[in-house]
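Notes follow once the structure below has been shown.
The values are calculated or read from the model by the stated rules, or taken from the named source; none is laboratory data. Source: prediction; values computed, not measured. A quick note on method: Cβ atoms are made from the backbone with ideal geometry, for glycine too, and the neighbour counts reach across all protein chains shown.
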Amino acid sequence: MEIKSGVRHPNTIIDISRIQDLKKIVSTDLVVSIGSMVTHAEIMHSSLLRDMLPSLVEAAHTIGTVQTRNMGTIGGNLMTCVPSMDSGPSLMALDAMVNIRGLNGQRQLPIADLFLGPRNTSLKPDELLIDVCIPKSNLSKPTAFLKFGLRKGQALALVNVAVSFWVDWSKNIFLEPRISLGAVAPTVIRATIAEKYLEGRQITSDTIAEAGRIAVTEANPITDFRASAKYRSHLISVLTRRALSKAYDQATLKRAGDKCA
Ligand SMILES: Cc1cc2nc3c(=O)[nH]c(=O)nc-3n(C[C@H](O)[C@H](O)[C@H](O)COP(=O)(O)OP(=O)(O)OC[C@H]3O[C@@H](n4cnc5c(N)ncnc54)[C@H](O)[C@@H]3O)c2cc1C
């Protein structure tokens with residue numbers, strides 16, 4: 001795709017599609033790891049990920065068409081590094097790490113440090129993205145992903161949002177909130193001022209709405225043929241509010257279910 005559209009002009013192409021180790025979804029004591037060659041469709045159909053990473057599975061469902069989801073990989077999605085990528089926000093909201101291997105050995109980075117700008121990552125030319133790891137300790141965090149495109153299918157995000165947070169049920173307050181925004185800056189970003197605002201605050205419709213308003217001030221959306229910057233700003237506020245509410249509502253339902261069980 002990048003070669004066809006003239007973005008890259010490589011002299012050599014290496015086919016990594018048959019490296020079986022890059023196609024695995026593995027759960028260990030500490031992390032769930034998703035190999036870089038795992039396709040969007042495999043993410044959608046993984047019962048392990050449906051249980052443990054519902055926001056990433058929801059994001060995979062929204063990507064392109066059936067053909068795109070069958071062929072496109074999580075590694076390709078992250079490495080293409082377009083601001084509207086749908087895999088990035090959910091992973092960033094759960095503090096995912098990426099493992100990278102090259103001639104000088106292996107290194108691990110927070111996923112946010114992978115993204116330098118549009119179509120630009122911190123990988124060196126001799127390095128390969130091996131997998132994305134999500135700490136198990138974060139997997140029971142209430143989380144949600146929402147995307148707004150111009151159509152139901154085959155639409156890039158005008159804005160996408162993923163959130164996660166713990167709830168201190170005794171006080172009904174937010175703990176360790178994360179808000180990740182896509183398509184509103186040169187890379188996927190965290191709305192850290194909105195996160196700080198939420199930390200330790202009561203979970204009410206007012207605080208949730210205020211977090212949405214603050215998130216708008218942290219983004220830098222552009223105007224293009226899909227939407228104006230003003231409309232995208234409006235979407236950030238609405239989607240952040242809805243994602244926080246959705247994650248909280250689901251957590252409340254799950255808690256009620258756990259109590260009955
Ligand atoms: C019609 C269409 C619609 C789409 N719609 C959406 C959408 O709605 N949402 C969305 O998020 N995305 C969308 N995409 C993007 C798609 O999901 C893929 O992420 C993208 O096409 C990359 O494809 P790929 O995984 O085959 O990677 P490739 O095309 O094989 O690779 C992409 C880049 O990543 C590099 N790369 C790949 N794997 C690795 C690795 N393991 N280590 C280091 N570098 C690597 C390659 O060298 C290349 O530069 C769409 C794409 C198409 C063609």
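Below is a table of values for the structure above.
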| item | result |
| --- | --- |
| Which listed residue, of 238, 188, 167, is more than 27 Å from residue 110 (Cβ to Cβ) and outside the structural domain of residue 78 (by TED's automatic domain parsing) | 238 |
| Output for the stretch 1-26, where each listed residue is of a type in the set (Lys, Arg), modelled with pLDDT of 90 or more and loosely packed, with under 11 Cβ neighbours inside 10 Å | 18 |
| Some residue of the stretch 193-200 being of a type in the set (Val, Ile, Thr) and over 24 Å from residue 58 (Cβ atoms) | yes |
| Subset of the stretch 15-41 [in contact with a strand residue (DSSP E or B) (Cβ under 7 Å, 6 or more places away or on another chain) and assigned to a helix (DSSP H, G or I)] | 21, 22, 23 |
| Output for the stretch 149-165, where each listed residue is in contact with a helix residue (DSSP H, G or I) (Cβ under 7 Å, 6 or more places away or on another chain) and within 12 Å of the ligand (Cβ to nearest atom) | 158, 160 |
| Flag for residue 194 being in the same structural domain as residue 239 (by TED's automatic domain parsing), under 20 Å from the mean Cα position of the chain (by Cα) and in contact (Cβ under 8 Å) with a residue 24 or more places away in the chain | yes |
| Hits in the stretch 27-39 (condition: in contact (Cβ under 8 Å) with a residue 40 or more places away in the chain and either within 9 Å of the ligand (Cβ to nearest atom) or surrounded by 19 or more Cβ atoms within 10 Å (Cβ to Cβ) (or both)) | 31, 32, 33, 34, 35, 36 |
| Subset tally (residues that are part of a helix (DSSP H, G or I), in contact (Cβ under 8 Å) with a residue 24 or more places away in the chain and of a type in the set (D, E, K, R)) for the stretch 107-143 | 1 |
| Helices (runs of 4 or more DSSP H) enclosed by the stretch 42-100 - at least 1 residues per element that are touching a residue at least 60 places away in the same chain (Cβ under 8 Å) and more than 11 Å from the ligand (Cβ to nearest atom) | 47-52, 54-61, 88-93 |
| Where residue 121 falls short, out of the listed (1) over 27 Å from residue 255 (Cβ atoms); (2) buried (at least 22 other Cβ atoms within 10 Å of the Cβ) | (2) |
